[in-house]
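Derivation of every value follows stated rules applied to the coordinates shown; laboratory data play no part. Please read all numbers here as calculations on a predicted model, not as lab measurements. Using ideal geometry, Cβ is built from the backbone for each residue, glycine included, and neighbour counts are taken over all protein chains shown.
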Amino acid sequence: MPPFTTGPARQQLFAQGRKMRYRNSTVHHRHRKLLFYAFAGVFIIVSAYLIMTLRGWVIDPKGFRIVETGSLFIDYKPTDAALLIDGALSDAASGFMKNGVLVGNLLPKQYVLRIEKPGYEPWEKTLTVRSGEVTAASHVNLWPIEAPETTLLTGNSAFWLTDAGLVVKDSRGTLRAGGRALKGHEVVLSDQNSAYLVTRDGPTFYFTDLDNPESALNLSELFKSLLGRSERPSTTTAALAAADWHPFSRGVLILHTSVGIFSLDTRRIELQTIAPGSAPEAATLIGNTLLSVDKAHTLMSANLLTRTAATATLTISGTVARLDATEDLNTILALTGDGTLYRSDRADGTVELISRNVSDFVLSPEERRLAVAHADGTLELVYLDAYVGDTREAPGTHVPLGLEPRVTKIEKLEWMRGFSTYLIVLGDGRVTAVETDSREPQQSSVLAEDVTGYALESELFVLKKNGNLVSLDIVK
């Protein structure tokens, strides 16, 4: 055991011990500070990254810069189809969202989207994602390659859907409902939600309740009889030219005649004058207002509810073959006999030429777009007003629509109910669904071939050239 140290030696020993302990504590303190700074740095970096990500900012590896991300929203049917983005299957396509799929935190650039399912034609489009924006493709529908087909009837040349069932024209030209023959050889007016029907045989018109077809009214004779009872000088030349449903009752008809426009109540057997004079060149019913234009281009708007009328001059040239308008009656669309389509603004009285060589046109459900068919079989979309949907379009924009395969003549054109991004087109014996999207390529799918006529409800009813009436299940 070493001797007990005292005096200066002991003090020196204690001093050395204190220095050593100080040196060790200093080293530990430096390590703790370094660790603290390291953890603080990591925390700041991670927090900044999380905040940046939450705010939609990411690092672009190509440009080594921080950019704001964007998103894609896709709503499609069938909902169990696969969604591929740039060839990779998207996890967002698992169907957790009831109405569409939202894919977020995407770098601003172009992406190739493809939606596919066995048995259906695929949909593919290149969409541009922009910083801080959601790029949408709404209401995309995959159409079946071969839709299940059910033959309903055979040996017919035309058909109409009514609330009482199918009305057909057989190979002999006879109209039939439920096997019973109807008066007339041509259907003038029918409604899928009504059992009433208006037919004609040459100049003679008939009104038929399909629940009791034997009691059909001869509208032409009834009209002349009722008109003759009124205080008019001569009715011997009065004749019916066309008919429309009255907006308040299917039992009341609007009759376009050679001596004016009238309403006829088939229950009370009452005739009322809407607009006296010669037959208009064209007329249409918009809500409870009847619009008509005569040879002098006088535009009349008759409110059937208030029984008031107003007139204005439609300053266009040529014979008006067809008339239409928006629901608020501010925009009037007139197609002349030579295929020139005009738009008239009732508020300021201006008239503009929309397009030439037009064979048909139809307003979109929201009334901001116009589908226009041309005599050469081409289609275009015209934006009447500023449009904000999947795309933003300026008023007056014209967009050609892709109808493939091309047709020589479009026979029927309508917007597909429930799918405001599609048109249904009949041309050259084919029924085709055409996507109304200004971004190319536009989807165009042939739904049926060898067709002479069709009607669309929850199913597609098609009359084939061989006389077979079939139904196709195309909407899932």
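Report the local net charge at residue 250: Lys and Arg +1, Asp and Glu -1, summed over other residues whose C-beta lies under 12 Å from its C-beta. Overall, the nearby charge balance is -4.
Each residue in 224, 169 was given a count of other beta-carbon atoms within 10 angstrom of its own, and listing them fewest first yields 224, 169. Separation of the alpha carbons by more than 28 angstrom is noted, of 409/465; 183/412; 183/464; 109/412; 183/465; 77/412, for 109/412.
Packing here is the average count of other Cβ atoms within 10 Å per residue, and on that basis the peptides 275-281, 261-267, highest first, run 261-267, 275-281.
Rounded to the nearest 20, the Cβ-based charge dipole of region 343-413 about its Cα centre (Lys and Arg +1, Asp and Glu -1) stands at 160 debye. What you get for region 179-260, charging only the Cβ of Lys and Arg (+1) and of Asp and Glu (-1), is a dipole of about 200 debye around the Cα centre. Summing charges over all other residues whose Cβ lies under 11 Å from the Cβ of residue 89, with Lys and Arg as +1 and Asp and Glu as -1, gives -2. I need the Debye-formula profile for region 65-141: one equal scatterer per C-alpha, no solvent, reported as log10 I(q)/I(0) at q = 0.26 1/Å, two decimals. For region 65-141 at q = 0.26 Å⁻¹, log10 I(q)/I(0) is -1.32. If you plug the beta carbon distance of residue 145 and residue 327 into 1/(1 + (r/R0)^6) with R0 = 41 Å, you get a FRET efficiency near 0.60. If you take the square roots of the eigenvalues of the alpha-carbon gyration tensor of region 247-363 and sort them as a ≥ b ≥ c, do you get rounded (a/c under 1.5), prolate (a/b over b/c) or oblate? It comes out prolate by the Cα gyration axes.
Computed from the alpha carbon atoms alone, the convex hull of region 356-474 holds 94 Å³ per residue. Using C-alpha pairs under 8 Å with a sequence gap of at least 6, the mean separation divided by the residue count of region 359-476 gives a relative contact order of 15 percent. The GluC sites (Glu not before Pro) found in region 303-387 that occupy coil by DSSP, while having at most 12 further C-beta atoms within 10 Å, are 327, 366. Rounded to two decimals, the Cα-based Rg/Rh of region 345-392, with Kirkwood Rh, is 1.01.
The distance linking region 236-276 with region 104-148 is 50 Å (Cα centroid to Cα centroid, whole angstrom). Only Cα pairs under 8 Å and 6+ residues apart enter the sum, and on that basis the relative contact order of region 65-141 stands at 44 percent. For the pair region 423-453 / region 348-411, the C-alpha centres are spaced 15 Å from each other.
Set against the 2.2 N^0.38 Å expectation for a compact globular protein, region 162-279 has a Cα radius of gyration ratio of 1.06. By the count of other C-beta atoms within 10 Å, a proxy for reagent exposure, 162, 273 are ordered fewest to most as 273, 162. Each of 464, 295 was scored by other Cβ atoms within 10 Å of its Cβ. Listed from fewest to most, they are 295, 464. Computed extension gain for residue 458 through residue 174, at 0.36 nm per residue and net of the alpha carbon distance, reaches 99.5 nm.
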